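Here's the structure we're looking at; comments come further down.
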Amino acid sequence: MNDAVEQKTMISRFFQKAELLPAVVQEEETGEVLMLAYMNRESMEKTLETGYTWFWSRSRQELWNKGATSGHLQKVVRIFGDCDSDTLLVVVRQTGAACHTGHHSCFFEEIWREGNE
């Protein structure tokens, strides 16, 4: 079996339960979780093809290449699938801010901390 066929088979495994998969994006250097986005089959294929993150926008109903307009690109280093093949972990080298608000990570608002009960 060639690499293209193996890749399509692997991708298909992840889209048996749903058309969209949550993709947790993590920074390679620090391990910080940067954002959560969703991938469909086409965005996952484009991510693997280009080496940069592509996602499905649920609000706009279209593909988007993270950082294409802002320059805050995400170079993919590794992608992991979870044990149930229904969530992805995308490890990236982040250029600039990952969050559209300008924060490095989308997870900047602390809601609760142990000891603050």
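Per residue of the range 23-35, what does 6.51 cos²θ - 1.76 cosθ + 1.60 with θ = phi - 60° give for ³J(HN,Hα)? Whole Hz please, x for Gly and Pro, Karplus curve as stated.
With coefficients 6.51, -1.76 and 1.60, one gets 10, 7, 9, 10, 7, 4, 5, 9, x, 5, 6, 8, 6 Hz.
Give me the percent of the accessible area of the chain that comes from carbon and sulfur atoms, probe 1.4 Å, all protein chains in place.
50 percent
Give the cysteines in the chain for which no other Cys Cβ lies under 4.7 Å away, or write none if there are none.
Lacking a cysteine Cβ partner under 4.7 Å: Cys83.
Considering only DSSP states other than H, G, I, E and B, which trypsin sites (Lys or Arg not before Pro) in the range 39-117 qualify as loop sites with at most 13 other Cβ atoms within 10 Å?
Those satisfying the criteria are Arg58, Arg60, Arg113.
Looking at the range 9-53, which GluC sites (Glu not before Pro) are in a loop (DSSP not H, G, I, E or B) and have at most 12 other Cβ atoms within 10 Å?
Here the sparse-neighbourhood loop sites are Glu19, Glu29.
Note down the relative contact order for the range 11-117 as a percent, whole number, built from C-alpha pairs under 8 angstrom at least six residues apart.
Contact order relative to length: 26 percent.
For the range 51-115, what is the accessible area per residue in Å², given a 1.4 Å probe and the full set of protein chains?
Ligands and nucleic acids excluded, the result is 65 Å² per residue.
Pick out which of Thr30, Thr50, Thr95 has the largest mean-square fluctuation in a Gaussian network model of the chain, springs linking Cα atoms closer than 10 Å.
Thr30
Which cross-chain or sequence-distant (5 or more) residues have an amide H under 5 Å from the amide H of Cys99, H modelled 1.01 Å from N in plane?
So Cys99 has HN proximity to Ser105, Cys106.
Given the options Ala68, Ala98, Ala18, which has the most mean-square fluctuation in a GNM of the chain, springs set between C-alpha atoms less than 10 angstrom apart?
Result for the chain, Cα springs under 10 Å: Ala18 fluctuates most.
If you plug each phi of the range 50-62 into the Karplus form 6.51 cos²θ - 1.76 cosθ + 1.60 with θ = phi - 60°, what whole-Hz ³J(HN,Hα) values come out, in order, with x for Gly and Pro?
9, x, 10, 6, 10, 10, 9, 7, 6, 7, 8, 6, 7
What range in the chain is the longest one free of chymotrypsin sites (Phe, Trp or Tyr not before Pro) that are in a loop by DSSP and have at most 15 other Cβ atoms within 10 angstrom?
Maximal segment without exposed cleavage sites: 1-106.
For Lys8 and Leu36 in one chain, what is 0.36 nm times their gap in residues minus the Cα-Cα distance, to one decimal in nm?
Fully extending the segment from Lys8 to Leu36 adds 7.7 nm.
Out of residues 5 or more away from Tyr52 or on other chains, whose amide H comes under 5 Å of its own, with H placed 1.01 Å from N in the peptide plane?
Here Val76 satisfy the definition.
Can you classify the range 15-90 as rounded, prolate or oblate using the Cα gyration tensor, where a ≥ b ≥ c are the square roots of its eigenvalues, rounded means a/c under 1.5, and otherwise it's prolate if a/b beats b/c and oblate if not?
Note, shape of the range 15-90 comes out oblate.
At 0.36 nm per residue, minus the direct Cα-Cα distance, what do Thr87 and Glu110 gain on full extension? Give it in nm, one decimal, please.
Additional length available on full extension: 5.9 nm.
Using just the helices of the chain, give the 222 nm mean residue ellipticity in deg cm²/dmol: DSSP H runs with n ≥ 4 each add -39,500 (n - 2.57), and the total is spread over all residues, rounded to 500.
-5500 deg cm²/dmol, from helical runs alone.
The values are calculated or read from the model by the stated rules, or taken from the named source; none is laboratory data. This one's a predicted model, so the numbers in the text were calculated from it and none came from an experiment. Here Cβ is always computed from backbone atoms with ideal geometry, including for glycine, and neighbour counts include all displayed protein chains. Accessible surface is based on the protein model in full, side chains and every heavy atom, while ligands, DNA and RNA are left aside. Shrake-Rupley method; radii C 1.70, N 1.55, O 1.52, S 1.80 Å.
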